[in-house]
Amino acid sequence: MSATENNKPTESLDHVVIRFVGDSGDGMQLTGSQFSDTSAMLGNDIATFPNYPAEIRAPQGSLYGVSGFQVHIGSLEIDTPGDELDLLVAMNPAGLKTNLSALKKGHVLIVDTDSFTQRNFDKAQYTSNPLEDGSLSDYKVIEVAMTSLSKEAVKGIEGLDNKSITRSKNMWALGMVYWMYHRSLSHTIAFIERKFAAQPHLVAANTKVLKAGYHFAETLELIPASYEVAPAKMPAGTYRMMMGNQALAWGFLAAAEKSGLPLFLGSYPITPASDILHELSKHQQLGVTAFQAEDEIAGITSAIGAAFAGSLAITTTSGPGLALKSESLGLAMMIELPLVVVDVQRGGPSTGLPTKTEQSDLLQALYGRHGESPVIVLAASTPSNCFHYAYQAAKLALEHMTPVVLLSDGYIANGSGPWKIQRASEMPDIAPRILKQAPENWHPYHRDETTLARDWALPGTPGLEHRVGGLEKDQEKGTVSYDPINHEAMTHTRQEKIQRVQAQIPGLEVHHAQEGELLVVGWGGTQGALQSAIKTLSQQGYHQVGYTHFNYLSPLPKNTQEVLGRFKKVLVCELNNGQLAKLLSMHHDQSRIYSYTKIQGLPFAQTELLEAFKKHLS
């Protein structure tokens with residue numbers, strides 16, 4: 001413990017979990033992202049969890065209009081945004097009501113008292129004022145009139161309207177939290193100067209409120225100490241904070257550069273995948289064509305056309321859009337063209353929970369098409385490794401001449417973490433199967449003997465003219481064929497082509513116990529929560545538990561059966577109604593496979609996972 005300049009003591013912490021909550025117009029996403037970025041600059045390991053309301057502009061003060069941003073920073077390895085909070089900042093009663101249960105007893109709650117009015121109590125379904133009725137006695141409550149104090153701080157700055165003044169209150173909250181956790185203001189001040197470069201009055205107002213909040217916390221007796229979180233020990237390299245959707249976009253940019261192909265994105269905006277379109281549309285100078293289509297079908301069919309013409313072709317969507325794209329995805333599979341379909345999963349079915357996370361599209365990705373229609377299916381598992389799996393999806397599509405479905409989800413798409421910047425020379429080569437000229441006796445379904453991938457014959461290349469379309473083709477000539485024996489042969493060939501991808505993907509890795517009582521299995525975005533829970537379980541003395549995680553789902557890794565066979569029980573944990581458990585039960589000993597699921601639009605919490613693990617160990 002040390003002392004600050006005003007003689008308040010400073011306590012060292014190895015990690016801390018903070019959540020900012022308020023109305024969707026209170027700037028909570030900006031506040032949280034600025035705290036995260038500043039902490040990253042200081043070298044902390046970080047995981048974030050933005051939580052948006054589904055409505056574009058929900059009624060102010062309503063329970064279902066609360067927007068939140070949770071950040072977990074540490075000097076040690078951080079796997080998740082955290083379960084229980086060390087600090088909750090609530091800008092209104094609705095934010096307090098919907099988030100108080102996550103705050104640890106005895107820890108700090110900061111509220112903006114200006115919003116604690118009878119009208120807002122009614123909207124939040126409070127029958128009494130929680131600041132006065134004793135319901136918060138288990139917490140260290142810091143009451144701050146942030147709105148009034150922000151107005152006072154910006155007096156004398158010309159050009160401000162009441163709306164601009166009120167909206168600056170999030171900077172007051174951020175300034176207070178910066179002081180509490182020894183964060184510098186410089187990164188956020190630079191951000192404000194860039195964001196409002198053409199509006200100097202807003203630069204002055206937000207900067208002044210940020211500093212005022214910082215110094216207010218410094219002098220407030222209710223905050224007896226500040227806290228310091230040292231930098232994390234991470235592998236050497238240059239890092240930047242990266243959101244999952246941005247990492248996907250950058251992975252595709254890297255694959256286009258490495259393959260030497262132009263990048264085409266055909267996409268219809270849909271939550272939570274739209275940020276991939278937004279990001280790629282910024283990079284026309286890198287050879288990107290980003291086409292915002294009129295609907296989901298136009299998005300994928302335009303991408304199929306781009307693939308036929310020789311581009312690295314991408315289309316992005318979420319669950320409802322994947323359903324609409326299914327017929328066209330079957331067409332791409334039938335033509336055997338390279339195409340990547342990104343599905344950022346959300347709560348379903350139908351419109352469902354547009355801004356909440358879920359993993360309920362797995363079986364749709366595997367089987368949701370007419371006929372026998374196999375494709376490669378991958379799943380990213382952290383915001384930062386979205387880059388890797390986007391790159392891998394493009395590589396597999398281009399080298400194996402087949403569509404690839406890449407699954408993400410709202411949790412990792414909107415979450416962020418430190419990503420180690422890579423050099424192009426460090427990435428594996430990508431070798432598209434484009435023919436530059438016609439070989440002797442060439443036919444459209446001439447295949448590589450090892451992979452069964454067909455050649456990529458671009459239109460306009462002399463001697464490579466051929467017919468494409470959804471009708472079955474002759475396995476030799478490439479002409480339309482209704483021959484039953486040929487159809488069966490082509491069906492088996494297309495399936496075998498996908499199966500042979502096993503030779504190109506890594507096997508499952510088992511962590512902690514290599515054999516024993518229980519194997520915990522996850523896939524996709526549950527990785528952080530499962531890793532953290534297994535680590536805690538091991539520290540509690542349970543040493544007969546192993547953990548493995550699937551990122552490749554079609555085909556499954558070639559050592560899947562051998563890994564599952566080492567353990568008496570296999571517990572598959574997923575944010576759906578047991579889809580991977582069903583898939584594994586189709587191919588492996590069903591009697592040993594158990595399912596633990598959650599379908600609440602929220603990620604797993606460590607406490608609930610530990611309870612589930614121990615139940616299967618008793």
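The values are calculated or read from the model by the stated rules, or taken from the named source; none is laboratory data. Since the structure is predicted, the reported quantities are computational estimates derived from the model, not experimental observations. Neighbour counts run over all protein chains shown; Cβ positions are idealised from the backbone, glycine included. Side chains included, ligands, DNA and RNA excluded: accessible areas come from the protein's heavy atoms. Shrake-Rupley method; radii C 1.70, N 1.55, O 1.52, S 1.80 Å.
Protein heavy-atom accessible surface, 1.4 Å probe, per residue over the range 214-285: 47 Å².
Within 12 Å, Cβ to Cβ, of residue 80, how many net charges do the neighbouring residues add up to if Lys/Arg are +1 and Asp/Glu are -1? Cβ neighbours under 12 Å give a net charge of -4. Given R0 = 30 Å, the distance between the Cβ atoms of residue 199 and residue 113 translates into a calculated FRET efficiency of 0.55. Sorted from greatest to least, the principal axis extents spanned by the alpha carbons of the range 166-256 come out as 54, 38, 18 Å. Where in the range 80-100 is the amide nitrogen less than 19 Å from a point lying 7 Å along the Cα-to-Cβ axis of residue 122? Zone members listed by number: 92-95, 97. Put a dot 7 Å past the Cα of residue 517, heading toward its Cβ, do the same for residue 190, and the two dots end up 5.1 nm apart. About its Cα centre, the dipole of the range 298-444 is roughly 300 debye, where the only charges are +1 on Lys and Arg Cβ and -1 on Asp and Glu Cβ. Dividing the alpha-carbon radius of gyration of the chain by the rule-of-thumb value 2.2 N^0.38 Å gives 1.05. Residues within the reach of a label modelled at residue 133 (point 7 angstrom out along Cα to beta-carbon, backbone nitrogen below 17 Å), restricted to the range 70-113, are 92-101.
Karplus-based coupling profile of the range 535-543, in residue order and whole Hz: 4, 5, 4, 5, 5, 7, x, 8, 10, with θ = phi - 60° in 6.51 cos²θ - 1.76 cosθ + 1.60 and x standing for Gly or Pro.
In order along the range 195-202, the phi-based Karplus estimate (6.51 cos²θ - 1.76 cosθ + 1.60, θ = phi - 60°) of 3J(HN,Hα) comes to 5, 10, 4, 8, 10, x, 5, 6 Hz; Gly and Pro are listed as x.
Each principal axis of the Cα atoms in the range 486-605 has its own extent, and those three values, largest first, are 59, 32, 27 angstrom. For the pair residue 163 and residue 589, a Förster radius of 51 Å applied to the C-beta separation gives a FRET efficiency near 0.20, rounded to the nearest 0.05. Accessible surface comparison of 194, 433, probe 1.4 Å, protein chains only, largest first: the order is 194, 433.
For the range 66-126, compute Rg over Rh where Rg is the Cα radius of gyration and Rh is the Kirkwood radius from the inverse mean 1/r over Cα pairs. Taking Rh as the inverse mean 1/r over Cα pairs, Rg/Rh reads 1.04. Note on residue 230 and residue 284: the extension gain reaches 15.5 nm, defined as 0.36 nm multiplied by sequence separation minus the Cα-Cα distance.
The accessible-area ordering, largest first, of the residues 447, 119, 240, 183 stands as 119, 240, 447, 183, per a 1.4 angstrom probe.
Amide H contacts of residue 415: 244, each under 5 Å away and 5 or more positions distant or on a separate chain (H built 1.01 Å from N in the peptide plane; Pro and chain starts excluded). With a 1.4 Å probe and every protein chain kept in, tell me what percent of the accessible surface of the chain is carbon plus sulfur. Percent of accessible area from carbon and sulfur atoms in the chain: 51.
Annotation: aspartates and glutamates with alpha-carbon distance below 12 angstrom to residue 614 (same-chain offsets under eight excluded): 517. The modelled label-to-label distance between residue 535 and residue 504, using points 7 Å beyond Cα along the C-beta direction, is 3.3 nm.
When nucleic acids and ligands are ignored and a 1.4 Å probe is applied, residue 216 ends up with an accessible area of around 50 Å². Of the GluC sites (Glu not before Pro) in the range 147-255, the ones in a loop by DSSP (not H, G, I, E or B) with at most 13 other beta carbons within 10 Å are 158, 221.
You can think of it this way: the chain between residue 309 and residue 41 has 92.2 nm of extra reach, that is 0.36 nm per residue less the Cα-Cα gap. With the biggest extent put first, the Cα atoms of the range 309-460 measure 55, 41, 27 Å across the principal axes.
Quick one: net charge of residue 98's neighbours, Cβ under 15 Å, K/R +1, D/E -1? Provide the component values of the computation, followed by the final result.
Working: positive: 19, 97, 123, 356; negative: 23, 26, 55.
That sum, taken over residues with Cβ under 15 Å, equals +1.
If you count Lys pairs in the range 47-172 whose Cα atoms are under 18 Å apart, skipping same-chain pairs closer than 8 places in sequence, the total is 9.
Rank these by accessible area, largest first, 1.4 Å probe: 443, 15. Numbers along the way, then the final one.
On the way: 443 40, 15 70 Å².
Largest accessible area first, the residues go 15, 443.
Need one number: % antiparallel among DSSP beta bridges in the chain, to the nearest 5. Of all bridge pairs located within the chain, approximately 35 percent are antiparallel. Assuming charge only on the beta carbon of Lys and Arg (+1) and of Asp and Glu (-1), the dipole of the chain about its Cα centre is about 320 debye to the nearest 20. Computed with the Debye formula from one identical point scatterer per Cα of the range 534-618, without solvent, the log10 of I(q)/I(0) at q = 0.25, 0.26 Å⁻¹ comes to -1.46, -1.51. Rolling a 1.4 Å probe across all protein chains gives residue 421 an accessible area of roughly 80 Å².
Candidate cross-link partners of residue 558 among the lysines, defined by an alpha-carbon separation under 23 Å and a same-chain spacing of 8 or more, comprise 395, 497, 568, 569, 582. Here the label points at residue 440 and residue 60, each 7 Å from Cα along the C-beta direction, are separated by 8.0 nm in the simple model. With Cα atoms defining each centre, the range 48-86 and the range 350-388 are spaced 23 Å apart in the structure. Along the range 147-162 the Karplus relation, 6.51 cos²θ - 1.76 cosθ + 1.60 evaluated at θ = phi - 60°, assigns HN-Hα couplings of 5, 5, 5, 5, 4, 5, 5, 9, 4, x, 8, 7, x, 8, 9, 4 Hz to successive residues, with x for each Gly and Pro.
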